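Worksheet: the structure to be examined is printed underneath.
Computed from the coordinates by the stated procedures, all read-outs in this text should not be read as laboratory data. Keep in mind that what you see is a predicted model, and the values were worked out from it rather than measured. Reconstructed Cβ throughout: ideal geometry from the backbone, glycine too, with neighbour counts over all protein chains shown.
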Amino acid sequence: MEIGKTYNPSEAEAKWYPFWIKNNFFKSTPDHRQPYTIVMPPPNVTGVLHMGHMLNYTIQDVLIRRARMLGFNACWVPGTDHASIATETKVVALLKEKGINKTDLSREEFLKHAWGWKEKYGGIILEQLKKLGASCDWDRTRFTMDEDLSEAVIDTFIDLYNKGHIYRGVRMVNWDPQSLTAVSDEEVIYKEAQSKLVYVKYQIEGSDEFMTVATTRPETIMGDTAICINPTDERYSHLKGKQVIVPIVNRLVPIIFDEYVDKEFGTGTLKVTPAHDINDFNLGQKHKLQSIDVLTPEGKISEAAGAYIGLDRFACRKQIIKDLEELGLVSKIEDIKNKVGYSERTNAVIEPRLSMQWFLKMEDISKPALENVLNGEIKLIPEKFINTYKHWMENVHDWCISRQLSWGQRIPAWYDGQGNTVAAKTKEEAIVLLKSKNSELNTENVKQDEDVLDTWFSSWLWPITVFDPAVIRNGKANANEDLNYYYPTNDLVTAPEILFFWVARMAIAGYEWMQEKPFRNVYLTGIVRDKLGRKMSKSLGNSPEPLDLILKYGADGVRVGMLLCSPAGNDLMFDESYCEQGRNFANKIWNAFRLIKGFEVDLLKLNDNEIQQPNSSKTAITWFENKLSEQLEIINVHYNKHRMSDALMATYKLVWDDFCAWYLEAIKPDFVDGKSLPIDKTTFDATINFLESLLKIIHPWMPFITEEIWHLIKNREEKDCIIIAEWPTIKNNFDKKQLAEFEISKELITMVRNVRAQKLLSPKEKLDLIEKTSDNNSSNLNSTIIKLANLNSYSYSKNKIDGAYGFVIKNSEFYIPLTHNLNADDELKRLNKELDYYKGFLKSVLIKLSNEKFVSNAKSEVISAERKKESDTLNKINSIEEQINSLK
RNA sequence: GGGAGCUUAGCUCAGCUGGUUCAGAGCAUCUGCCUUACAAGCAGAGGGUCACUGGUUCGAACCCAGUAGUUCCCA
């Protein structure tokens with residue numbers, strides 16, 4: 001069989017993914033095994049795969065694949081969320097293109113369009129995930145607006161309402177004038193903006209005196225209902241009890257005094273517009289001020305303003321400055337930098353606005369979610385996020401859960417038109433409930449709330465309802481088999497950006513309805529940035545197209561590339577060269593396989609005892625057995641501590657350095673007369689075993705190439721696939737002493753190669769190596785050294801060898817006789833340099849040892865280590881001095 | 001304005017309880033190799049005032065304080 005010189009990823013990817021699906025390897029149903037569960041953070045249904053997803057889902061796939069190999073019943077649940085604002089914005093835009101206005105449609109008609117959009121375009125991202133190799137149980141795919149999941153959302157609202165956790169009230173909300181909905185605090189992005197601070201003069205009533213107020217929002221002047229001054233500000237103390245005239249509208253408003261005002265900012269006076277600023281709103285509440293809403297939901301000036309009616313808020317700002325200037329009421333205009341809030345979804349400038357909204361009281365309900373993170377029941381990885389989490393949870397605000405949209409679960413609150421409200425699933429149930437509150441109920445007046453619930457109010461149930469949507473109403477005691485088996489889930493992998501949006505709220509929901517955490521570990525990944533440290537985004541155009549990367553480097557290469565540079569919780573500076581490294585690694589594995597596959601195993605000769613297993617191979621096999629156990633132990637520890645990139649790097653080095661560079665070179669048959677000699681069967685079988693073990697260890701990172709090679713090694717049964725192969729086990733009590741001895745041999749071999757490089761000798765030229773020793777302590781490592789250092793002989797001598805290249809490793813002296821290229825002056829120089837180094841080192845050791853406080857305070861192991869350093873270094877210095885003398 | 005984190009080789013990062021031969025990887029760099037699995041490779045080498053200043057300690061990259069730069073979160 002001809003095997004290509006380079007690995008072809010796309011072929012393997014096209015072959016194995018459908019094969020895995022066909023064999024149901026991703027499927028999970030409850031059984032006797034222990035479960036290992038991950039619920040996928042549901043991507044936005046409008047989303048397309050970006051680098052952040054790639055990172056996230058690769059990590060999840062690595063975890064789930066390894067768990068599967070460890071014998072767990074691994075279940076990875078995929079799905080999408082309905083992303084109310086994002087989706088609605090998309091659908092509205094699409095309708096607009098067709099000349100349809102959302103306002104002309106009934107709720108039902110609009111939803112029909114939205115569902116149509118979802119069926120057609122939604123969930124592209126899940127298809128893209130398959131290209132990455134994601135081994136989710138696709139049969140379990142969920143959508144937050146699936147009928148049963150939606151019903152669960154309604155159940156939770158009713159439950160919380162009846163428990164008294166939900167209330168409705170007028171509050172200052174972040175209003176998005178573009179999507180015409182309130183958004184939560186977390187969905188507002190504050191950006192630095194260049195603004196104008198306008199100094200406006202307000203006349204004091206009954207005098208010619210003016211006071212100057214600085215504002216960045218002159219368009220809200222019509223909504224002013226007071227001017228506020230710090231009571232300690234002496235400049236204005238004479239104004240107590242006075243009123244001022246609001247320009248443009250000529251309304252009289254009082255001057256009030258409150259510590260809140262910053263004396264240093266602007267002129268130390270503040271115009272109070274309770275309807276349009278959260279702080280002013282609080283002031284207004286405190287001082288019982290009137291509140292005049294001068295803006296419409298669309299961000300235009302309202303009738304209530306009494307001027308500029310219908311003008312856009314930004315146009316009005318320009319116009320009013322001009323008008324005030326003409327009236328001579330502007331004393332100056334300053335350029336300042338301030339923070340302006342933008343909607344995360346529409347990028348419109350957020351307008352603080354008073355409106356009637358539904359809120360969830362967070363204080364009580366969030367307590368267990370805080371406690372159980374602090375006490376370690378839920379682990380955040382890395383731990384530094386516990387601080388952030390704690391801070392947020394201790395200062396948690398009530399959650400505004402209503403959204404003025406159609407796409408989402410409609411709030412199950414019903415009104416009787418006479419001030420009574422109930423929460424119920426259907427109108428019929430609502431009527432029954434309302435009747436008990438209002439005996440004269442006119443059923444015609446019973447109306448349901450028009451708003452829908454925040455999307456996070458769906459996804460906070462995700463780890464529960466993907467398994468059992470009915471549990472909220474049935475109660476935990478009646479949970480179905482799936483939920484009992486899979487809940488709580490094991491690992492949640494997500495971005496720190498949604499630690500509060502989502503992670504904290506899932507924890508809250510978990511304790512509220514399951515009295516149990518929703519996940520054991522939360523692994524927080526970083527943000528994918530470009531080389532310059534900028535967040536990757538479509539708008540900046542600095543993000544590579546993930547699927548193009550997969551085409552270019554292979555899914556395995558990209559997976560490795562992503563994880564090579566991804567420490568937990570830290571942002572990663574992504575660069576395509578990491579994918580290149582991943583691709584190169586795939587190729588390395590491929591070629592190791594090619595070499596092994598190309599070995600000729602001559603069974604006949606083995607039976608005739610003509611091919612003995614060389615000593616060097618025997619030694620190498622023992623060594624690699626030990627090495628594999630040693631490294632596997634390390635890799636397992638890395639996994640258990642969620643150190644993904646360390647686990648990957650350890651795997652990388654085990655394969656590339658230990659297996660390819662040392663083991664394979666050690667067992668590779670000699671090449672004679674342009675032909676490779678056959679390999680003995682014992683060595684060959686051991687090598688195949690090693691290869692299989694390594695492939696298993698590589699598999700979670702690189703599922704495709706490992707499955708491909710697994711099947712190229714030999715013909716296998718249909719179900720004999722690496723994806724469900726058993727994770728290798730560690731050999732008990734592997735020989736650490738042999739590993740250490742081999743390390744010394746490696747050092748020796750490197751030294752010989754180094755001599756070759758220094759003296760410009762061909763690697764083909766065989767050398768002789770003589771160890772100075774009094775006893776002939778030949779070990780079975782010698783044959784390996786002879787082979788890998790390309791020696792004629794490895795011999796022993798009681799005396800030093802004159803005129804040979806000499807060096808010291810540990811406490812042994814070695815000589816390589818060189819017929820030419822040996823210059824005594826050069827050698828002296830080299831040896832003297834080494835001598836200086838060791839003398840300096842000895843000095844530092846001696847200083848330590850002569851320090852009485854060190855000797856009396858340090859632990860005995862530390863002192864004996866220093867003593868050993870001393871004697872070892874003395875020996876070394878002796879050897880080097882001897883060599884120097886022999887050269888003189 | 002308040003809070004949290006980060007700063008170790010050119011780049012990206014390890015460094016876990018303060019203590020093994022004067023701080024480790026990977027990539028990149030340099031030198032020599034078209035050696036027969038792999039030039040997407042092989043062999044070898046160089047590269048560091050652990051941000052700065054002070055303190056604690058016999059001993060500090062690690063603990064403490066301050067300074068600077070930087071990132072994030074909250075207002």
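Annotations for the structure displayed:
- Computed over chain A, the per-residue total of -39500 (n - 2.57) for DSSP H runs of n ≥ 4 gives a 222 nm mean residue ellipticity of -13000 deg cm²/dmol, rounded to 500.
- Straight Cα distances below 15 angstrom link residue A:191 to the aspartates and glutamates A:344, A:351, with same-chain residues fewer than 8 positions distant left out.
- Shape parameters for the stretch A:214-323, alpha-carbon atoms, Rg then Dmax in Å: 13.8, 41
- Solvent-free Debye scattering, log10 I(q)/I(0), computed from the Cα coordinates of the stretch A:556-704 at q = 0.10 Å⁻¹: -0.41
- Binning the C-alpha pair distances of the stretch A:815-884 at 10 Å intervals from 0 yields a P(r) profile of 18, 38, 23, 14, 6, 1 %, listed from the shortest bin outward.
- All C-alpha to C-alpha distances of the stretch A:1-44, sorted into 10 Å bins beginning at zero, yield P(r) values of 18, 29, 33, 15, 6 percent in whole numbers.
- Rounded tilt (10° steps) of A:681-698 against the dominant C-alpha axis of chain A: 10 degrees
- For the stretch A:75-136, the Kirkwood radius over C-alpha pairs fed into Stokes-Einstein at 4 °C and 1.567 mPa s yields D = 98 µm² per second.
- Residues A:750, A:103 arranged by fewest to most Cβ contacts within 10 Å: A:103, A:750
- Of all beta bridges that DSSP places with both ends in chain A, some 70 percent have antiparallel geometry.
- Beta bridge orientation in the stretch A:211-316: antiparallel %, DSSP, nearest 5: 75 percent
- Placing +1 on the Cβ of every Lys and Arg and -1 on the Cβ of every Asp and Glu, with no other charges, gives chain A a dipole of roughly 1540 debye about its Cα centre.
- Seen against the Cα atoms of chain A and their longest principal axis, helix A:107-121 is set at about 20 degrees.
- The Cα center of the stretch A:346-411 and the Cα center of the stretch A:781-815 differ in position by 69 Å.
- Unsatisfied cross-links (Cα-Cα over 30 Å) in the set A:22/A:681; A:98/A:131; A:588/A:829; A:130/A:696: A:22/A:681; A:98/A:131; A:588/A:829
- Whole-angstrom Cα spans of chain A along principal axes, big to small: 115, 67, 54
- Neighbour-count order for A:862, A:39, A:153, fewest beta carbons within 10 angstrom listed first: A:862, A:153, A:39
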